[in-house]
1. Here's a check for you: in the range B:186-207, which residue that is closer than 30 Å to B:P122 by Cα and not in a helix (DSSP H, G or I) is farthest from the other protein chains (Cβ to nearest Cβ)?
2. Being outside any helix (DSSP H, G or I) and charged (D, E, K, R) is the filter here; which residues of the range B:163-185 pass it?
3. Just one of (1) within 7 Å of another protein chain (Cβ to nearest Cβ); (2) crowded, with 23+ Cβ neighbours inside 10 Å trips up B:L114, so point out which.
4. So which of A:F210, A:F237, A:F183 ends up being buried (at least 21 other Cβ atoms within 10 Å of the Cβ) and at negative phi?
5. Considering only residues that are at the interface with another protein chain (Cβ under 8 Å from one of its Cβ atoms) and of a type in the set (S, T, N, Q), which ones fall in the range B:208-256?
6. Go through the residues of the range B:163-182 one by one and say whether even a single one is in contact with a Ser or Thr (Cβ under 7 Å, 6 or more places away or on another chain) and either under 30 Å from A:P96 (Cα atoms) or within 14 Å of another protein chain (Cβ to nearest Cβ) (or both).
7. Consider only pairs whose beta carbons are under 9 Å apart and that are at least six residues apart or on different chains; among these, list those whose first residue lies in the range B:126-139 and is touching a residue at least 12 places away in the same chain (Cβ under 8 Å) and in the same structural domain as B:A211 (by TED's automatic domain parsing) and whose second residue is surrounded by fewer than 16 Cβ atoms within 10 Å (Cβ to Cβ) and part of a helix (DSSP H, G or I).
8. Look at the range A:79-103 and say how many of its residues are more than 7 Å from chain B (Cβ to nearest Cβ) and either buried (at least 21 other Cβ atoms within 10 Å of the Cβ) or in contact (Cβ under 8 Å) with a residue 12 or more places away in the chain (or both).
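The values are calculated or read from the model by the stated rules, or taken from the named source; none is laboratory data. Note that this is a predicted model, so its numbers are computed, not measured. Note: ideal-geometry Cβ built from the backbone for every residue, glycine included; neighbour counts use all protein chains shown.
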Amino acid sequence: MYAIFVLRPMIVSVQYSFYKWNGIGASTWVGFDNYLRVFTDPDLLGPIGNAFKLIVFFSFVPVVLGLAIAATTRQIAESRLASVARTVLFLPQVIPLVAAGIIWTWLLSSTGLVNQVMDAVGLNSLTRAWLGDFSTALPAVGVIGAWVLLGLCTLLLLAGISHIDPALYEAARLDGAGPWREFLSITLPSLRQEIGVCVTVTVIAALASFDIVYISTQGGPGNSSMVPGLEIYYQAFTERQVGAASALGVVLMLLVLLVVLPIQWVTKERD
Amino acid sequence: MIVRQRETITAKVLLILLMLITVLPFVSLFVTALHPSGTYPQGISWPSQPQWSNFADAFTAANMLQLLKSSSLIVLGVVPASVVFGTMAGFAFGHLRVKGHRWLFLLFVLGLTLPFEGILTPLYFQVRDMGLLNTRWAIILPLIGLFMPFAVLWMRAHFVNVPEELSEAARVDGASTWQLFWHVHVPIARPALSSLGILLFLWTWNQFLLAIVLVDDPGKRTMAGALGSFQGQFGTNIPLLCAGSLLIMAPTLIVFLIFQRQFVTALLAGSVKG
């Protein structure tokens, strides 16, 4: 009797996953041409390139900055300030990405805070409507993503650092190691797993970004900040190109797997 | 010692700077919300006459009561079901090791990396064929399915670590598997269960993609989905938009501040396992 109750939800979930694959199976019925289109049509290929550019902002920036911050704040990780920081830095994780998009659309607008600050420090020649400019729209979207993910990465890495045996650091100090040496030989290797997690989470966030782009630029101006997720949405529901949308969907899923699996492998292997 | 002190100060400055970067956007949003409706204020500037009424206006304009009700209904539909299914399946994977569990397990691991957009198109047509488009079920049912991989793996991770002896002891006492599950394993899984519940609540409440694709009526969407259409409607009225965004964010922010410790633990652990 128990088996029925355990197996049933399992079958239900398997059934759900079957539905996912089934839907994708239907796209092959449209033919192989859709896949050809994904790899030749600049309208479909461009967003994939953009997604990879976003990885720089969504993954590289938060992970590197997060590492730097976590490494320097290691000694005060138990302080009151740090526990306040833990709450504050989580705020971007709690609000919907849509809200982050709206907030930053305002901050990056021509009268927004970013330009206000730049005016104040004498950079007024550079101010612009960041999200409306062909050359800055994509990086501006990237900045939003970096803001959302930086706190998470920092806290994950800080949590990881606090598990490192302090005796290791003491020993390094006695051997005359400077902070940089300490970071390279102790912090970095010990955090391999946490770094792997951060990179995985943020890379998926970059490749599958939708909410932020939809709210802040709608992929524009032109196609300059279009990402695969949004392109799928447009192809399917505005252009009614269901086949192309599904093909792009499959490519996106495979891309995520292709990128994430090596990361997992590298970070787990030497554990 | 001097080196250490200097490092501590650098660390504090860094942390404070980081917090400022995190909080300033919210501050900007808040002060902007107080400017007269329809004006174009500067990034951060305190208005000469704070318009607190903007919040009331936004409350009516966004139809907040309806939104709260809608989001709560969706959360109630998604979270308990996902937690129960996830727990049972996780138990089967982690503890009972049902036949074929390795293959099924792999299937769930793959599902974990799945971007929602990848299945968006087929999902839309499937939901349409089921006649559920523009109902809350269109968000609830797919979300339960989409959360399954995470819920199952989360609970599996818990059950794998429960000592085998516990079950054996219960079996000797004559417990059926069903009793074993509900009376022995579920009670000790409570911390894992509540973290899972918190995470799923947050992800459901903030779900945007499914809401805008599958439901046209903002009154039947999640909070995040409604926020999207609110932006479409009042995008040019910046103070009102800011007030509305704050209101729509308020429920999660309040819940977060009350349960912050549980949230932080859950989110940190959640991303490690995710």
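1. Here is the first cut: in the range B:186-207, the residues closer than 30 Å to B:P122 by Cα are B:196-207.
Those left that are additionally not in a helix (DSSP H, G or I): B:206-207.
Values: B:N206: 4, B:Q207: 8 Å.
Checked the range B:186-207; the qualifying residue farthest from the other protein chains (Cβ to nearest Cβ) is B:Q207.
2. Here is the first cut: in the range B:163-185, the residues outside any helix (DSSP H, G or I) are B:163, B:173-176.
Residue satisfying the conditions is B:D173 alone.
3. Checking B:L114 against (1) within 7 Å of another protein chain (Cβ to nearest Cβ); (2) crowded, with 23+ Cβ neighbours inside 10 Å, the one that fails is (2).
4. On the way: A:F237 fails: buried (at least 21 other Cβ atoms within 10 Å of the Cβ); A:F183 fails: buried (at least 21 other Cβ atoms within 10 Å of the Cβ).
It is A:F210.
5. Once the filter is applied, which keeps residues that are at the interface with another protein chain (Cβ under 8 Å from one of its Cβ atoms) and of a type in the set (S, T, N, Q), the range B:208-256 yields B:Q231, B:S245, B:T252.
6. As a first pass, look at the range B:163-182 and keep what is in contact with a Ser or Thr (Cβ under 7 Å, 6 or more places away or on another chain): B:180.
This time we only want the ones that are either under 30 Å from A:P96 (Cα atoms) or within 14 Å of another protein chain (Cβ to nearest Cβ) (or both), so: B:180.
So far as the range B:163-182 goes, yes, one or more of its residues are in contact with a Ser or Thr (Cβ under 7 Å, 6 or more places away or on another chain) and either under 30 Å from A:P96 (Cα atoms) or within 14 Å of another protein chain (Cβ to nearest Cβ) (or both).
7. B:R136/B:L73; B:A138/B:R128
8. Within the range A:79-103, the first condition is being more than 7 Å from chain B (Cβ to nearest Cβ), and the residues that meet it are A:79-80, A:83-84, A:100-101.
Next, only the ones that are either buried (at least 21 other Cβ atoms within 10 Å of the Cβ) or in contact (Cβ under 8 Å) with a residue 12 or more places away in the chain (or both) stay: A:100-101.
So the answer is 2.
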